[in-house]
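Asks: Input: one structure, supplied below.
The values are calculated or read from the model by the stated rules, or taken from the named source; none is laboratory data. Here the structure is a predicted model, which is why all the values come from computation and not from measurement. Cβ atoms come from the backbone with ideal geometry, glycine included; neighbour counts cover every protein chain shown.
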Protein chains: 2
Amino acid sequence: MIPKEHPRYRSLVVRERLAEFAREGVLSLEGLTAHGRGEAFDYLLGESTSESARLAERTAAAMLLLARKPVISVNGNTAALAADQIAPLQQASGALVEVNLFHRTEERIEKITRLLEANGVSVLSGSRERLLPLPHGRAWCLRDGIFSADLVLVPLEDGDRCAALRQMGKDVVTVDLNPLSRTARNATLTVVDELTRALPEITRSCPEIGKEEALKLVADLDNDYFLRAAMDVMKERLAHALD
Amino acid sequence: MIPKEHPRYRSLVVRERLAEFAREGVLSLEGLTAHGRGEAFDYLLGESTSESARLAERTAAAMLLLARKPVISVNGNTAALAADQIAPLQQASGALVEVNLFHRTEERIEKITRLLEANGVSVLSGSRERLLPLPHGRAWCLRDGIFSADLVLVPLEDGDRCAALRQMGKDVVTVDLNPLSRTARNATLTVVDELTRALPEITRSCPEIGKEEALKLVADLDNDYFLRAAMDVMKERLAHALD
């Protein structure tokens, strides 16, 4: 349907694939809009991984390796974009995987779980309880998963929920293309990169990092630096877009 | 469903409304993603109309008033966001209104036409022909509408289609939050503003502008200036976001 010669071919094809996932009920319709928001920031990043993002990805790997109980929190957007990249990351990092949705229905949790399992992910199951300090229906998670994790890798997360996890004393690693978002500013570490570029890079880094390097990466972690570096790339692109 | 205390309440509510239009088939699922893209740029604009955008809106009004046969091209996103703002603009400017879709089906054309008519718009009807110089299924329009227009106001348009209209010698006025998009760069005049702020501003300007002012606004039109001014606002916001 999308002609190959269209200059935005790749982006339009991803949009079509996500629309298909939305029709199947994996992705919420609101998730489609959220994806577009990310697209815009990726456009400003030049749709490539910056040097600072690469360092953030290596630091994310270090944090996963050093954590006592790391959990990867997967929502509809993450599943739709990167279902096939979760299993390798789970194996490389030893993290648990929990499905956790903003627009939450039992049916969507079920569908996403099946999609992940079909892609080789071992998904944590159990009955969810209202365990996150949130004033509304976003508080549900698994007691043996996110609730008891010391570190949560939660890509593409809502700002409220990121703040709630931090409030509970957890380290939060997020992947978020918007360096201005509340999620990006509240997280312990923000990887400002497109999800399907970021996850494989984190996975690749895991077996390369020894304990000493991991400790050094975490000691040097400065999330403000990562956000500012991403904004600098975007400012640069805005400054020269018409040249 | 969305808690009122959520800091992104307004944006989440618009997303929900658009999701509803998508369920009804007015908006394509890909249109939801495109909306998110716009949202991100509006975020960088501080979600308000800049001084340069206001001048662009006044210039848009001038161009509509001076045109021999202006046509407003309405797609799913425009209808979903601003169905109630089209009739006042049509009355103030004397333009024809044609429904023209990127993800085109007869059913969606029908639904959008009914939505516009329910909002008091007089919608051009007829049988569409392949009249735009495009290599694929995006070429359809009305002979008595866009094809014979000298000026097309086409908000939220695809870059290929904007270029095709320019190639046909038409003036193109667009409303596009992304100042880097091909649409924004190819249009005769780009209003870098959110659609529901831009349209009423254009409408308000129409009765205020005399022939002399209209001619001067058009003579002074420098689209590069409008794009650079918008980028400057965004750069400024990126520069001070973490202060």
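Asks: Of everything in the range A:38-50, what is facing another protein chain (nearest Cβ under 7 Å) and within 16 Å of the chain's Cα centre (by Cα)? Give them in sequence order.
Replies: A:Glu39, A:Phe41
Asks: Looking only at the range B:13-27, filter to residues that are more than 8 Å from chain A (Cβ to nearest Cβ) and buried (at least 20 other Cβ atoms within 10 Å of the Cβ); which one of those is nearest to the chain's Cα centre (by Cα)? Break it down stepwise before answering.
Replies: Pass one, the range B:13-27, residues more than 8 Å from chain A (Cβ to nearest Cβ): B:13-14, B:17, B:20-21, B:24-27.
Those left that are additionally buried (at least 20 other Cβ atoms within 10 Å of the Cβ): B:21, B:26-27.
Details: B:Phe21: 18, B:Val26: 16, B:Leu27: 15 Å.
Taking the candidates together, the pick is B:Leu27.
This table checks each residue for (1) buried (at least 19 other Cβ atoms within 10 Å of the Cβ); (2) of a type in the set (A, V, I, L, M); (3) away from every other protein chain (no Cβ under 13 Å).
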{"residue": "A:Pro3", "(1), (2), (3)": "no, no, no"}
{"residue": "A:His6", "(1), (2), (3)": "no, no, no"}
{"residue": "A:Leu29", "(1), (2), (3)": "yes, yes, no"}
{"residue": "A:Gly36", "(1), (2), (3)": "yes, no, no"}
{"residue": "A:Ala53", "(1), (2), (3)": "yes, yes, yes"}
{"residue": "A:Ala62", "(1), (2), (3)": "yes, yes, yes"}
{"residue": "A:Leu65", "(1), (2), (3)": "yes, yes, yes"}
{"residue": "A:Ala87", "(1), (2), (3)": "no, yes, yes"}
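Asks: Any residue in the range B:223-232 that is of a type in the set (D, E, K, R) and more than 19 Å from A:Leu45 (Cα to Cα)?
Replies: First, the residues of the range B:223-232 that are of a type in the set (D, E, K, R): B:224, B:228, B:232.
If we keep only those that are more than 19 Å from A:Leu45 (Cα to Cα) too, we end up with B:224.
Looking through the range B:223-232, at least one residue is of a type in the set (D, E, K, R) and more than 19 Å from A:Leu45 (Cα to Cα).
Asks: Filter the range A:179-199 down to the residues that are buried (at least 24 other Cβ atoms within 10 Å of the Cβ) and either of a type in the set (Phe, Trp, Tyr) or in a loop (DSSP other than H, G, I, E, B) (or both) and list them by number.
Replies: Selection gives A:Pro179, A:Ser181, A:Ala187, A:Val192, A:Asp193.
Asks: Out of all the residues in the range B:67-84, which are of a type outside the set (A, V, I, L, M) and more than 14 Å from chain A (Cβ to nearest Cβ)?
Replies: Within the range B:67-84, B:Arg68, B:Lys69, B:Pro70, B:Ser73, B:Asn75, B:Thr78, B:Asp84 meet the criteria.
Asks: For residues that are hydroxyl-bearing (Ser, Thr, Tyr) and in a helix (DSSP H, G or I), scanning just the range B:1-36, find the one that is nearest to B:Ala79 (Cα to Cα).
Replies: Just the residues of the range B:1-36 that are hydroxyl-bearing (Ser, Thr, Tyr), to begin with: B:9, B:11, B:28, B:33.
Now restrict to residues that are in a helix (DSSP H, G or I): B:9, B:11, B:33.
On the way: B:Tyr9: 22, B:Ser11: 17, B:Thr33: 16 Å.
Top of the filtered list is B:Thr33.
Asks: Is it the case that the range B:129-146 has a residue that's in contact with a Gly (Cβ under 8 Å, 6 or more places away or on another chain) and surrounded by 21 or more Cβ atoms within 10 Å (Cβ to Cβ)?
Replies: Yes, the range B:129-146 contains at least one residue that is in contact with a Gly (Cβ under 8 Å, 6 or more places away or on another chain) and surrounded by 21 or more Cβ atoms within 10 Å (Cβ to Cβ).
Asks: Applying the selection to the range A:80-103, what residues are in a helix (DSSP H, G or I) and touching a strand residue (DSSP E or B) at 6+ places or on another chain (Cβ under 8 Å)?
Replies: A:Ile86, A:Leu89, A:Gln90, A:Ser93
Asks: While we're on this one: Quick check on this structure: which one of B:Leu156, B:Leu134, B:Leu177 is at positive phi, touching a residue at least 24 places away in the same chain (Cβ under 8 Å) and within 14 Å of another protein chain (Cβ to nearest Cβ)?
Replies: From the options B:Leu156, B:Leu134, B:Leu177, the qualifying one is B:Leu156.
Asks: Also, quick follow-up: Being in contact with a Ser or Thr (Cβ under 9 Å, 6 or more places away or on another chain) and either in a loop (DSSP other than H, G, I, E, B) or hydroxyl-bearing (Ser, Thr, Tyr) (or both) is the filter here; which residues of the range A:150-176 pass it?
Replies: Matches in the range A:150-176: A:Val154, A:Pro155, A:Leu156, A:Glu157, A:Asp158, A:Lys170, A:Thr174, A:Asp176.
Asks: Right, something else. Suppose the filter is charged (D, E, K, R) and assigned to a strand (DSSP E or B); does B:Glu110 pass it?
Replies: Judged against the criteria, B:Glu110 is not a match.
Residue by residue, here is whether (1) more than 11 Å from chain A (Cβ to nearest Cβ); (2) closer than 25 Å to B:Ala79 by Cα; (3) more than 23 Å from the chain's Cα centre (by Cα); (4) not hydroxyl-bearing (Ser, Thr, Tyr) holds:
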{"position": "B:Leu199", "(1), (2), (3), (4)": "yes, yes, no, yes"}
{"position": "B:Ile202", "(1), (2), (3), (4)": "yes, yes, no, yes"}
{"position": "B:Cys206", "(1), (2), (3), (4)": "yes, yes, no, yes"}
{"position": "B:Ile209", "(1), (2), (3), (4)": "yes, no, no, yes"}
{"position": "B:Asp222", "(1), (2), (3), (4)": "yes, no, no, yes"}
{"position": "B:Arg228", "(1), (2), (3), (4)": "no, no, no, yes"}
{"position": "B:Val233", "(1), (2), (3), (4)": "no, no, no, yes"}
{"position": "B:Glu236", "(1), (2), (3), (4)": "no, no, yes, yes"}
{"position": "B:Asp243", "(1), (2), (3), (4)": "no, no, yes, yes"}
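Asks: Of B:Ser48, B:Ser73, which residue is hydroxyl-bearing (Ser, Thr, Tyr) and part of a strand (DSSP E or B)?
Replies: B:Ser73
Asks: Somewhere in the range B:119-140, is a residue at pLDDT 95 or above and either of a type in the set (Ser, Thr, Tyr) or part of a helix (DSSP H, G or I) (or both)?
Replies: Yes, there is a match, as at least one residue in the range B:119-140 is at pLDDT 95 or above and either of a type in the set (Ser, Thr, Tyr) or part of a helix (DSSP H, G or I) (or both).
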